[in-house]
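Chemist: Mind having a look at this structure? Questions to follow.
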Amino acid sequence: MNILNTLCCVILVGSGCAGPDNAFTKLSDPIPPEQDTSAPPAEPVEEPAIPEVPPACPDRLYPAVLTQIDESCRFEPPVVTYTPVVEWNISSFDEFSHLTEQQSAPVVGQFTDDNADGVVDADDVPDIVTVSNSLLSTDVALRMISGDGTVVHWSRQIWVVDGQDMTAIAASTPAIGDVDLDDE
C-alpha cells in the first residue's frame, strides 16, 4: 500500500506539471533573459516639491482709475518731410574687399580721438561700426569707419577668446555702450 500511495502522489504531482502553461523551460526554448525579472519594481522617485510662487510685488498693485479725455488738449503734430542727403559712401575696402554688403543696422559712437586733444568725446568725429559680409560666402568682417568717411579705422574677421576663434554673424548688429560709466 505504501508503494501505491507514493505512486499516486508522483502521478498527481507530475500531471499538474504536464500542462501547456507550465513554468519549466525546455532545452529547445530560448535562453531566459539575464536580468532578474523576479525582483520587485524599483520604488518611484519622488519629484522635488515646487515651492509656491508668491504674488509678484503685491504692494505695488494699483487699481485702475477712469479719467476724462480733455479734447481741448488734442495735438496734431505737423507733417515734416525728410529728405536724406548722401554726404559720402564707400563702395570698396582695402581689407576684405569682397565683404561690402550690409544686412544689419550700423551703430554710431565716439571711439577715436580725432582732434588729438587726448580725450575721446563729443568734440571728435563719431565713428560707425558695421558688420560687412558677402552673400556669395560665409565670410564676415566687423569694421569701424570714421563718421566723415575719410578712413576705415580697422577691419577684423576673427578674434581669439580663451583659445577659440570668434567671428561676427552676418545679420547681427553690433552693440556699443559706456561700460565703465564715465560718460565717455
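Taken together, the values in this text are just the output of simple stated rules run on the coordinates, not laboratory data. Computed from a prediction, not measured in an experiment: that's the story for all the values here. As a convention, Cβ positions derive from the backbone with ideal geometry for all residues, glycine included, and neighbour counts pool all protein chains shown.
Chemist: Can you run down the residue pairs with Cβ atoms below 9 Å, 6 or more apart or on separate chains, where the first is in region 168-184 and surrounded by 10 or more Cβ atoms within 10 Å (Cβ to Cβ) and the partner is in a loop (DSSP other than H, G, I, E, B) and among the aliphatic types (A, V, I, L, M)?
Modeler: Cβ pairs passing all conditions: A170/L135; T173/A105; P174/A168; E184/V119; E184/V120.
Chemist: So if I check each of V131, V152, which one is touching a strand residue (DSSP E or B) at 6+ places or on another chain (Cβ under 7 Å) and either touching a residue at least 60 places away in the same chain (Cβ under 8 Å) or of a type in the set (D, E) (or both)?
Modeler: Going through V131, V152 in turn, the sole match is V152.
Chemist: Quick test for you: out of D124, D165, pick the one residue that is surrounded by 15 or more Cβ atoms within 10 Å (Cβ to Cβ) and touching a Phe, Trp or Tyr at 6+ places or on another chain (Cβ under 9 Å).
Modeler: D124
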